[in-house]
Amino acid sequence: MRFLAVFITLVVTLCGALPARADWLRLRGTHTELLTDAGEKEGRRALNRLEQIRAIMPSSGEDSGRELRVVLFDSEKEFREYAPGQTTSGLYQSGLEYDYIVTYAGGELPRVVTHEFVHSLLHQSPAPLPRWFEEGTAELYSNAQINSKRVRIGKELEAHMNLLLARPWLTAKQLTAERPVMASDQDETESMFYAESWALMHMLNLSPNYRDHLPQFIALLAQGMDGSEAFRSAFGRDFEHALADLPGYLKKIRSVQLDIPPPAPFIVPQSEPLSEVDAELLRADILLRRGLAEKARALFEQAAKDHPDSATAQAGLGMLAMTQNRPGDARRYLEKAIQLDDKDATILFEYALLQRDAGAGNERVRELLEKVVGLNPNFGEAQLLLGVRATDDRNYDRAVAYLHDAARLLPRQSYVWNALAYAQQKVGNYPEALDAAQRAVRTASTDEQEHAAEALRDALLAQVSGKSAR
Ligand SMILES: [Zn+2]
């Protein structure tokens, strides 16, 4: 074996003129799959870091079990083909069956991958959090120092400190806006947004004047209280007042040892090689999710040509056809994909949607969706559609069971809570229905969602008070 390895190395060296295609590996962690061409060592380093951060982050509720896929490119140049701008070093994207983190190997890897991972953890929290809160928390934990003896967070981030000392700060209004107010120099405004959010979350988590009130702030946000009102009520002062405290706090800023036992090192199981076609299809899939359809198409077509037996290649062409509104082509590709592999939950789900839109019978669509959740019980959108169908069929007990799972998996979607509230109401579970309706109001992201949720909540309030008055 050893001899063979040496021999192969020699051959590769002799053929140095040929571009060597790096090997792709797959490593598995808790609800996490890491795919990389940066080598086993970098892959393990990144995965171990994620598992340690998972262990030290205050949990924001039950673990939904949603899968995360981390793609770690060896080359920054290749990463740039998928990521916008020259300043991004990692990205987080939520998807149907799993969420994605895409980044590249290098000096800043542990910090970048931690930042994106914190986004994925916060994304499972029951209510949307202010952007400054999410980015500040991601930055605060990004350079957490974890060893076998202790866990420390809050080490100074030099770039942020330098910026905060040298430049004018964003106002409270700019900081709490969904997107920072457009400025002539947008990049600089964004950098200040990250620096200031980091400093603020540092103070709210670690300063004795603030830290004990932070859980209360989070709880009030989860109850749907408006951000500035929740801030005042939890911390006993305005957001503006806290910003005014910040320069004084920064003068004596320091890291803090957390009062928690250091997490045990994560034992990363043996890596598996990823085939060349799977690596090609992985790139195509990221391109498709990033909306780079033409580049994705070229890769999917090449893979389908070279590997006519690849279900993923056919499915990719099918999903591409769906995004380009070619339902006939989409159906043909997806049917071929299912013939090749009928155990892929995403392919079956997309096919179920196509069948539904083409007017297939209820039975057929339900059968496909049930197969999807049989293969992956954490497929939130499939649980939701099954719940809605059961509601339409007046099978409310079943509907509640499906929608309960959907709400666990998609806690930030108002329409899921709304559907659950309605089904709970139908089976007569009024307190649970009211709770779900209130969550639907809190998570509404459009006026339409908000009105629908409020109407249902008010009807339930009347029903609940009518019952208790009797
Ligand atoms: Zn971020």
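Read the figures in this text as sums done on the coordinates, not as results from a lab. Quantities reported herein were computed from a predicted structural model and do not represent experimental measurements. For neighbour counting, all protein chains shown are included, and Cβ atoms are generated from backbone atoms with ideal geometry for every residue, glycine included.
Output ³J(HN,Hα) for the range 143-152: one whole-Hz value per residue in order, computed from phi by the Karplus curve 6.51 cos²θ - 1.76 cosθ + 1.60 with θ = phi - 60°, and x for Gly and Pro.
Values per residue, Gly and Pro as x: 10, 3, 9, 10, 10, 6, 9, 8, 10, 10 Hz.
Let a ≥ b ≥ c be the square roots of the eigenvalues of the Cα gyration tensor of the range 86-213; is it rounded (a/c under 1.5), or, if not, prolate (a/b larger than b/c) or oblate? All intermediate terms of the calculation are to be shown ahead of the outcome.
On the way: a/c = 1.29, a/b = 1.11, b/c = 1.17.
Judged from the Cα gyration tensor, the range 86-213 comes out rounded (a/c under 1.5).
Summing -39500 (n - 2.57) over the DSSP H runs of n ≥ 4 in the chain and dividing by its residue number, what mean residue ellipticity at 222 nm do you reach, to the nearest 500 deg cm²/dmol? Present the calculation step by step, with values, prior to reporting the outcome.
On the way: 22 runs with 287 residues, N = 470.
Using -39500 (n - 2.57) per qualifying helix, the result is -19500 deg cm²/dmol.
Given the peptides 332-339, 346-353, 290-297, arrange them by the average over their residues of other C-beta atoms within 10 Å, most packed first.
On the way: 332-339: 19.2, 346-353: 23.1, 290-297: 15.0.
Most protected by this proxy first, the peptides run 346-353, 332-339, 290-297.
Based on the Kirkwood radius over alpha-carbon pairs, what value in µm²/s does the Stokes-Einstein equation return for the translational diffusion coefficient of the range 19-125 at 25 °C and 0.890 mPa s? Each step should come with its number before you reach the end.
Values: Rh = 14.1 Å.
Stokes-Einstein gives a translational diffusion coefficient of 174 µm²/s.
Hey, which of these cross-link pairs are over 29 Å Cα-Cα: 173/252; 41/336; 41/343; 77/371; 41/149; 41/155?
Over 29 Å Cα-Cα: 41/336; 41/343; 77/371.
Mind checking the dipole of the chain: about its Cα centre, +1 per Lys or Arg Cβ, -1 per Asp or Glu Cβ, Debye to the nearest 20?
Numbers: 54 positive and 66 negative charges, 183 e Å.
My answer is approximately 880 debye.
Starting from the Cα of residue 77, step 7 Å along the direction of its Cβ; do the same at residue 226; then give the gap between the two resulting points in nm.
In this crude spin-label approximation the distance works out to 5.3 nm.
Averaging sequence separations of C-alpha pairs under 8 Å and six or more residues apart, then dividing by the length of the chain, give the relative contact order as a whole percent.
Values: 677 pairs, mean separation 57.5, N = 470.
Once normalised by length, the contact order is 12 percent.
Can you bin the chain into rounded, prolate or oblate? Criterion: square roots of the alpha carbon gyration tensor eigenvalues sorted a ≥ b ≥ c, rounded for a/c under 1.5, prolate for a/b above b/c, oblate for the rest. All intermediate terms of the calculation are to be shown ahead of the outcome.
Details: a/c = 1.91, a/b = 1.06, b/c = 1.80.
It comes out oblate by the Cα gyration axes.
By average Cβ neighbour count within 10 Å, what is the ranking of 41-53, 433-445, 268-280 from highest down? Write down the numbers at each step before the final one.
Numbers: 41-53: 20.1, 433-445: 22.4, 268-280: 15.0.
Ranking the peptides 41-53, 433-445, 268-280 by packing returns 433-445, 41-53, 268-280.
Would you kindly state how much longer the chain becomes between residue 171 and residue 362 on full extension, computed as 0.36 nm times their sequence separation minus their alpha carbon distance, in nm to one decimal? List each step's numbers first, then the result.
Working: separation 191, 0.36 × 191 = 68.76 nm, distance 5.39 nm.
Working it through step by step, the gained length comes to 63.4 nm.
Step through the residues of the range 250-261 one at a time and calculate ³J(HN,Hα) from phi using the Karplus curve (6.51 cos²θ - 1.76 cosθ + 1.60, θ = phi - 60°), rounding each to whole Hz and writing x for Gly and Pro.
The phi angles translate into 5, 4, 10, 4, 8, 7, 10, 7, 7, 7, 9, x Hz.
What FRET efficiency would be calculated for the residue pair residue 152, residue 429, taking the C-beta separation as r and a Förster radius of 56 Å, to the nearest 0.05?
Numbers: r = 46 Å, r/R0 = 0.82.
Working from the Cβ atoms, E equals 0.75.
Multiply the residue gap between residue 238 and residue 87 by 0.36 nm, knock off their C-alpha separation, and tell me the result in nm, one decimal place.
On the way: separation 151, 0.36 × 151 = 54.36 nm, distance 3.28 nm.
Roughly 51.1 nm would be gained on extension.
Starting at the first residue of the range 92-97, write each ³J(HN,Hα) from the Karplus equation 6.51 cos²θ - 1.76 cosθ + 1.60 with θ = phi - 60°, in whole Hz, x for Gly and Pro.
10, 9, 7, x, 5, 8
What residues qualify as long-range amide H neighbours of residue 274, i.e. H under 5 Å apart, gap of 5 or more or another chain, H built at 1.01 Å from N?
Correct list: 24, 25, 26.
If you count, for each residue, the other Cβ atoms within 10 Å and average over each peptide, how do 109-119, 312-322, 79-89 line up from highest to lowest?
Working: 109-119: 22.1, 312-322: 24.3, 79-89: 14.4.
Final packing ranking: 312-322, 109-119, 79-89.
Amide H of residue 32: which non-local residues (sequence gap of 5 or more, or other chain) have their own amide H closer than 5 Å, using H built in the peptide plane?
Close amide H contacts, sequence-distant or interchain: 68.
On a full-extension model of 0.36 nm per residue, what is the gain between residue 211 and residue 56, subtracting their alpha-carbon distance, rounded to one decimal in nm?
Values: separation 155, 0.36 × 155 = 55.80 nm, distance 1.66 nm.
This chain segment gains 54.1 nm when fully extended.
Which stretch or stretches of the range 148-167 have amide N atoms under 20 Å from the point lying 7 Å from residue 251's Cα along the Cα→Cβ direction?
156-157, 161-167
Report the residues of the range 50-94 in range of a label on residue 187: point 7 Å along Cα→C-beta, backbone N strictly under 12 Å from it.
Only 85-88 pass the distance filter.
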